[in-house]
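Rule-based calculations on the coordinates, nothing more; no lab input. From a predicted model like this one, the values you see are computed outputs, not experimental measurements. Positions of Cβ are backbone-derived with ideal geometry, glycine not excepted, and every protein chain shown enters the neighbour counts.
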C-alpha cells in the first residue's frame with residue numbers, strides 16, 4: 001500500500017494495522033514488508049471473493065482540492081446567474 005495513498009498510523013505516527021475485510025467479514029492478513037514509502041500486505045482470499053476492503057486512518061481523497069475549488073466556483077456562478085434571471089423575470093411581470 002503506497003503510504004501517500006492510504007496510511008494506518010496512531011497519533012504518534014506509529015504504524016498500526018490496517019483493517020481488512022473480504023465480502024464484509026473481517027479477514028486476517030500478514031504485513032510482509034514496510035518502508036518509508038509503502039507497506040506490503042499479503043491477503044489470502046478465494047476465487048469467490050467479490051470485494052476486498054482495506055481501510056486505514058488516512059486516505060487521499062479521490063478528488064483533489066483543486067476540483068473542490070472549481071466546484072465551489074461553479075456553484076457560486078450558478079447561484080448568481082439564477083438570481084439575476086429571477087430578478088429579470090420579476091421586472092417583466
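Between residue 50 and residue 21, full extension at 0.36 nm per residue minus the direct alpha carbon distance yields a gain of 9.4 nm. By other beta-carbon atoms within 10 Å, ranking 73, 92 with the fewest at the front produces 92, 73.
Put simply, the Cα atoms of the chain extend 71, 35, 18 Å along their principal axes, the longest span coming first. Just to confirm the number: angle between the C-alpha axis of helix 65-92 and the first principal axis of the chain, 0 to 90 degrees, nearest 10? Between helix and principal axis, roughly 20 degrees.
Going by how many other beta carbons lie within 10 Å of each one, how would you line up 91, 3, 84, fewest first?
Details: 91 7, 3 17, 84 10.
Ascending number of Cβ neighbours within 10 Å: 91, 84, 3.
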